[in-house]
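What follows is a set of notes on a single structure, which appears directly below.
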Amino acid sequence: MKPALLAFIVSLPLLSVAQVPEPVLPQGVGVNIHFVTGRERDLDLIAAAGFKFIRMDFGWEATERTRGVFDWSDYDELTTNLAKRGLRPIYIFDYSHRLYEDEVETKNPITGKPDKDIASPRKPESVAAFARWAAAAAAHFKGRGVIWEIWNEPNISFWKPKPDVTNYTALALATCKVVRAKDPRATIIGPASSGFAPAFMERFLASGVLKYLDGVSVHPYRDYKKPPETAGADYAKLRALIDRYAPAAKKGKLPILSGEWGYATHDRGLSLETQAAFAARQQLVNLLHRVPLSIWYDWQNDGPDPKEREHNFGVAFGDLKPKPAYVALQTLTRELSGCRVVERRATGSEEDFVLVLKNKAGETKLAAWTIGQPHPVTLALRTRGAARFRLVRSTGEVSEAQAGGGQLALELTAAPQYVALGKARLKK
């Protein structure tokens, strides 16, 4: 066994403490996947990009085919394969089960036509069965670094036959209580809302569920004309709502998590280059707003149709060829490894983002871009005489940024650039 793998495995019991990652790159950088067994080449590429988390459905029907009999073998394989690569899972407790719930008529969210599906857990028997299954899973995977999320987007069509905050909240509370009983140190998050959903979220948070949660997860999807930077105001409103309903010991301490968010490259979506810029900016903007975990949706294009949005969210094409977004995230995780965001430095324009980051050694790095038109900026720098600093573009291209007369000159573009200042400092 390789020493690095041995060290990782030895450290796993420590992860039984509720663990949301620190806001240090790349600890909270993650991606959604849609597979469980095999696909190790995918996992190698995911790890090589610098991702540290995957998010994946943890299906009820797939793991309890007979009442009360659980088969975790597929997820054991996935969890082991992740651990070998230094990856951690967010497993989503979802969806319903025909052994416990009834078939209902629903509406297809894409076509709008009537459809048939299994009702989400709403009967006392099915709620109790879901909670028992979740608790059994938490007990089985105890100490393996799993973050458990309760359901996926219950405020839209994923809750059958239609969204019902009362039913979802009852399920979440029942699940939290029995999971905590089985593993008091389990890491539990929710509700994985589609958008920020203020009315849904307030009723959910007011229920007392924050007593049990380690983080509040949302999916900050928005119109493609609204870049990642527009989420800041939404985070502020949600944070105020969380603090209104959090127990006294948790006020100001419960993190918001960006559990799923992406922009697709279909015909009416973004260009490959803009998707790449948004992928990197999403991670940085979330850290600026104290969101320590950001899951990009998703890993791989899910189909070949260039007109279909759902086929084009990936950072890799269907044949696993990396998109520019893959390279942009790989560059970010490499260049800013070990850094946390300290501040946003003003340039005189609200469209400019110049983030100051520091690592444990006290070294300073900059991440800089604009949501406006490309233009030059100068930043006042504490340095003696002329100096040259390493500059890396999102494409991975390396060049130099020059400073003279106490001024650092940069050309801001839509794609972040990273400047290593070392022990040099920006002037206040």
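The values are calculated or read from the model by the stated rules, or taken from the named source; none is laboratory data. In this text, all values refer to a predicted model and were calculated from it rather than measured experimentally. Quick reminder, even Gly has a Cβ in these numbers, built from the backbone with ideal geometry, and neighbours come from all protein chains shown.
Do you know which residues across the stretch 140-173 are among the hydrophobic types (A, V, I, L, M, F, W, C), in contact with a helix residue (DSSP H, G or I) (Cβ under 9 Å, 6 or more places away or on another chain) and within 15 Å of Ser96 (Cα to Cα)?
Ile150, Trp151, Trp159, Ala170, Leu171, Ala172
Please go through the stretch 79-124 and pick out each residue that is more than 30 Å from Phe51 (Cα to Cα), among the acidic types (Asp, Glu) and in contact (Cβ under 8 Å) with a residue 24 or more places away in the chain.
Glu101, Glu105, Asp117
Report, by residue number, each residue of the stretch 266-290 that is surrounded by fewer than 24 Cβ atoms within 10 Å (Cβ to Cβ) and β-branched (Val, Ile, Thr).
Matches in the stretch 266-290: Thr274 only.
Condition test on Lys360, is it closer than 25 Å to Ala47 by Cα and of a type in the set (D, E, K, R)?
Yes.
Would you check which residues across the stretch 204-227 are touching a strand residue (DSSP E or B) at 6+ places or on another chain (Cβ under 8 Å) and either hydroxyl-bearing (Ser, Thr, Tyr) or over 29 Å from Asn167 (Cβ atoms) (or both) and list them?
Residues satisfying the conditions are Tyr212, Ser217, Tyr221.
Checking Pro247 against (1) farther than 27 Å from Ile33 by Cβ; (2) buried (at least 22 other Cβ atoms within 10 Å of the Cβ); (3) not hydroxyl-bearing (Ser, Thr, Tyr): exactly one of these is not met. Which one?
With (1) farther than 27 Å from Ile33 by Cβ; (2) buried (at least 22 other Cβ atoms within 10 Å of the Cβ); (3) not hydroxyl-bearing (Ser, Thr, Tyr) applied to Pro247, the lone miss is (2).
Just one of the numbered conditions (1) under 20 Å from Lys52 (Cα atoms); (2) in contact with a strand residue (DSSP E or B) (Cβ under 8 Å, 6 or more places away or on another chain); (3) surrounded by fewer than 21 Cβ atoms within 10 Å (Cβ to Cβ) is not true of Phe317; which one?
Only one criterion is unmet by Phe317, namely (1).
Across the stretch 330-365, what is the number of residues that are on the phi > 0 side of the Ramachandran plot and surrounded by 15 or more Cβ atoms within 10 Å (Cβ to Cβ)?
Selection size over the stretch 330-365: 1.
Among the strands (runs of 3 or more DSSP E) lying completely within the stretch 271-390, list those that include at least 3 residues that are in contact with a Lys or Arg (Cβ under 8 Å, 6 or more places away or on another chain) and either among the aliphatic types (A, V, I, L, M) or not assigned by TED's automatic domain parsing to the domain that holds Ala409 (or both).
352-358, 375-382
Which members of the stretch 17-47 meet the condition of being at pLDDT below 95 and exposed (fewer than 14 other Cβ atoms within 10 Å of the Cβ)?
Residue satisfying the conditions is Val17 alone.
Determine if the stretch 230-244 includes at least one residue that is under 19 Å from Glu149 (Cβ atoms) and surrounded by fewer than 16 Cβ atoms within 10 Å (Cβ to Cβ).
No, the stretch 230-244 contains no residue that is under 19 Å from Glu149 (Cβ atoms) and surrounded by fewer than 16 Cβ atoms within 10 Å (Cβ to Cβ).
May I ask you to list the residues in the stretch 160-218 that are among the polar types (S, T, N, Q), surrounded by fewer than 20 Cβ atoms within 10 Å (Cβ to Cβ) and under 28 Å from Asn286 (Cα atoms)?
Of everything in the stretch 160-218, just one residue is among the polar types (S, T, N, Q), surrounded by fewer than 20 Cβ atoms within 10 Å (Cβ to Cβ) and under 28 Å from Asn286 (Cα atoms), namely Ser207.
Across the stretch 391-424, which residue is farthest from the chain's Cα centre (by Cα) among those that are acidic (Asp, Glu) and assigned to a strand (DSSP E or B)?
Glu400
So that you can scan it fast, the table gives a plain yes or no per residue for (1) under 21 Å from the mean Cα position of the chain (by Cα); (2) surrounded by fewer than 17 Cβ atoms within 10 Å (Cβ to Cβ); (3) among the aromatic types (Phe, Trp, Tyr); (4) modelled with pLDDT under 95:
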{"site": "Phe51", "(1), (2), (3), (4)": "yes, no, yes, no"}
{"site": "Tyr91", "(1), (2), (3), (4)": "yes, no, yes, no"}
{"site": "Tyr100", "(1), (2), (3), (4)": "no, no, yes, no"}
{"site": "Ala129", "(1), (2), (3), (4)": "no, no, no, no"}
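Being surrounded by 14 or more Cβ atoms within 10 Å (Cβ to Cβ), modelled with pLDDT of 95 or more and either in the same structural domain as Leu171 (by TED's automatic domain parsing) or among the small types (Gly, Ala, Ser) (or both) is the requirement here; does Lys84 meet it?
In short, yes.
On the basis of being out of contact with any Asp or Glu (no Cβ under 6 Å at 6 or more places or on another chain), outside the structural domain of Thr395 (by TED's automatic domain parsing), buried (at least 20 other Cβ atoms within 10 Å of the Cβ) and polar (S, T, N, Q), does Ser96 make the cut?
Considered against the rule, which asks whether it is out of contact with any Asp or Glu (no Cβ under 6 Å at 6 or more places or on another chain), outside the structural domain of Thr395 (by TED's automatic domain parsing), buried (at least 20 other Cβ atoms within 10 Å of the Cβ) and polar (S, T, N, Q), Ser96 comes out as yes.
Return the residues of the stretch 367-384 that are within 22 Å of Ala277 (Cβ to Cβ) and not β-branched (Val, Ile, Thr); say none if nothing qualifies.
Result: Ala367, Ala368, Trp369, Gly372, Gln373, Pro374, His375, Pro376, Leu379.
Suppose we filter the stretch 405-421 for residues that are over 12 Å from Ala380 (Cβ atoms) and buried (at least 16 other Cβ atoms within 10 Å of the Cβ); how many remain?
The qualifying residues number 11.
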